[in-house]
Amino acid sequence: MGERLRTQSGLNIEVVDVEQHEDQPTVSETERKANINSTKEHFLKVYNNCKYSLREAKERETTVIEKIIWLLMFTSCFIYCGILIWRSYSKWIKSPAIVMLTENDEPIREIPFPAVTVCPERKIMSEVFNFQHYIELSNNKTNVDLSDQVQNMYEDVSLICDYDRIPRNGRNVSVGNETVGNILKASTKLLKVMSLCTWKGKQRTCNSLFTPILTEEGMCFTFNTIGPEDLFQLENMHTDYEYMKKLNRTRNQGWTMENGYPFDAPRKTYPVRGSGAGVKAGLGLKLTEMEKGLDLTCKRRLSGFKILLHNPSDLPRPSQQYIRVPTFEDVTLSFTASLEFTSDGLEVFTPIGRRCYFADERSLKYFKLYTQSNCEYECLTNFTYARCRCVHFAMPLELSTMDIEDEGRGDVTTEEAIRIAEECNCLPACTSITYETEVTQTELHENERHEYKVVTGNNSHSGDIKTSKVSNVIIFFKRPLFDIFKRCELYGTSDILASCGGLLGLFMGFSVINIVEIVYLCFLSVYRRHKSDKCEQSNKENLHLKN
């Protein structure tokens with residue numbers, strides 16, 4: 001475009017056409033470049049001012065107020081940084097481990113089927129000893145002279161009947177083998193508690209699956225529990241009576257809690273392992289309670305059974321944990337298993353810090369295999385013996401006596417006995433297996449309460465147990481896989497270094513380079529001082545020689 005200039009005031013002015021060249025920048029581009037140059041100049045000016053201010057502040061002497069403010073800031077940052085670092089360190093030491101669920105599941109054939117312990121509620125056969133009769137005599141305060149044998153039986157049977165109102169005119173101390181002998185004589189037998197057993201869908205004789213075992217509840221029957229040769233420290237056990245029969249079929253065949261089954265272990269091994277989930281891969285029991293012949297007064301007229309699912313390396317304690325199975329019920333126990341192990345990185349911490357014991361860190365006096373349950377049982381044994389100089393007949397101790405008259409009057413005080421108990425420190429094992437059980441039950445039909453069917457080969461026949469109350473129990477894995485939990489480091493070495501280094505860098509401007517510089521400067525200062533002293537000594541010697 002062009003513009004024509006007009007003549008003014010009589011002056012002749014040349015008309016010029018002004019046109020914009022294509023390469024000439026527009027007004028907007030010119031303004032943008034001018035803004036950029038202005039911004040650069042502004043930042044350079046600010047930088048120069050800051051640089052000049054810092055140089056001036058460095059060259060001039062600081063005032064007292066500035067020194068105090070700087071000292072307060074440095075001290076506050078140093079203290080707060082130290083507090084945060086101490087908290088991180090304390091958390092690292094006190095709680096170094098965290099348990100997390102891994103993404104990997106393993107088939108249940110890699111772990112044992114749980115041990116199953118069955119205890120009848122009605123324990124005493126009245127045909128052997130009529131406990132109810134002697135209770136009535138005691139309540140009526142009848143003056144009847146009992147023979148020593150009957151009186152001893154009465155006192156011994158009361159131990160498993162939870163009856164503490166026996167007369168105090170009996171013997172003060174009972175010998176362990178005599179007490180256990182009386183209990184075994186009066187207790188009901190295996191085949192009268194279990195009339196039918198199936199394992200993995202096949203009928204088996206109950207004697208070939210279950211083993212009698214002495215517990216706090218008296219005589220019970222256990223399946224898949226490790227035998228006494230592999231469970232107890234036999235050299236520290238008495239030989240007066242057995243807690244569990246020594247059988248070849250209950251010997252441990254290479255399984256350990258830490259390593260599981262050997263790589264070349266056969267499918268049929270002990271403790272027996274699971275083969276799959278569901279009823280056909282589980283254990284089936286038909287439990288029976290005789291309507292006649294069992295004492296009704298023992299255990300306060302309770303009826304039915306107690307069942308405990310536990311680790312094969314645990315000594316069962318049915319008085320602490322159990323599932324109650326009533327009579328005339330069909331009970332299903334489905335369970336899931338989980339394995340918890342500990343990473344090797346936690347070995348540097350103490351057992352208190354990581355909250356568990358590795359296999360080689362803790363040994364027991366009466367048990368070969370360490371578990372938290374076995375440790376607590378041994379601790380209770382030591383506490384009882386220290387306090388009373390006697391133990392329960394089911395406790396694994398060489399001296400097994402029951403002091404009836406002087407109970408609670410041992411050689412140590414209560415405080416000392418409590419100290420003994422606290423020193424047990426029964427932490428969990430670093431590798432452990434747990435079984436979580438779900439219980440469902442329905443009432444048996446009237447026609448099924450006294451009947452059962454026995455299958456032998458291809459033939460089957462029915463039988464009846466009309467004099468007994470029946471309960472059906474089915475125990476099986478709910479899932480074909482088990483969960484794996486890993487106890488690992490909450491803070492690794494790199495994590496705690498990163499945390500402490502980040503705090504030091506944030507509050508103190510600290511780094512490894514600073515450490516190197518400080519060490520270097522200290523070394524350099526010492527070296528220069530040493531060199532200066534050496535030169536000064538050399539000059540003095542030269543001056544002395546000249547003189």
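Residues checked against (1) modelled with pLDDT of 70 or more; (2) surrounded by 10 or more Cβ atoms within 10 Å (Cβ to Cβ); (3) farther than 30 Å from THR102 by Cα:
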{"site": "ASN459", "(1), (2), (3)": "no, no, yes"}
{"site": "ILE475", "(1), (2), (3)": "yes, yes, no"}
{"site": "VAL519", "(1), (2), (3)": "yes, yes, yes"}
{"site": "LEU524", "(1), (2), (3)": "yes, yes, yes"}
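Criterion first (in contact with a Phe, Trp or Tyr (Cβ under 8 Å, 6 or more places away or on another chain), open to solvent by 40 Å² or more (accessible area, probe 1.4 Å) and either modelled with pLDDT of 80 or more or within 29 Å of TYR435 (Cα to Cα) (or both)) does TYR80 satisfy it? The answer is yes for TYR80. Just to verify a result, which residue in region 244-284, among those that are among the basic types (Lys, Arg) and part of a loop (DSSP other than H, G, I, E, B), is nearest to the chain's Cα centre (by Cα)? Going through the qualifying residues, I end up with ARG251. Does GLU127 satisfy the criteria of being at pLDDT below 85, outside any helix (DSSP H, G or I) and more than 30 Å from GLY227 (Cα to Cα)? Answer is no for this residue.
Taking the criterion of being open to solvent by 10 Å² or more (accessible area, probe 1.4 Å), under 25 Å from MET219 (Cβ atoms), in contact (Cβ under 8 Å) with a residue 60 or more places away in the chain and not small (Gly, Ala, Ser), would at least one residue in region 369-384 satisfy it? Scanning region 369-384 turns up at least one residue that is open to solvent by 10 Å² or more (accessible area, probe 1.4 Å), under 25 Å from MET219 (Cβ atoms), in contact (Cβ under 8 Å) with a residue 60 or more places away in the chain and not small (Gly, Ala, Ser).
When restricted to residues that are open to solvent by 40 Å² or more (accessible area, probe 1.4 Å) and closer than 17 Å to MET237 by Cβ, region 385-396 contains 2. Scanning region 327-344 for residues that are farther than 29 Å from ASP230 by Cβ and open to solvent by 30 Å² or more (accessible area, probe 1.4 Å) yields PHE328, GLU329, ASP330, THR332. Count of region 295-321 residues, restricted to those that are open to solvent by 20 Å² or more (accessible area, probe 1.4 Å) and not acidic (Asp, Glu), is 11.
The values are calculated or read from the model by the stated rules, or taken from the named source; none is laboratory data. Everything quoted here is computed from the prediction, not taken from an experiment. Positions of Cβ are generated from backbone atoms using ideal geometry, with glycine treated the same way; all protein chains shown enter the neighbour counts. Each accessible area value is taken on the protein alone, full model and side chains, heavy atoms only, with ligands, DNA and RNA left out. Shrake-Rupley method; radii C 1.70, N 1.55, O 1.52, S 1.80 Å.
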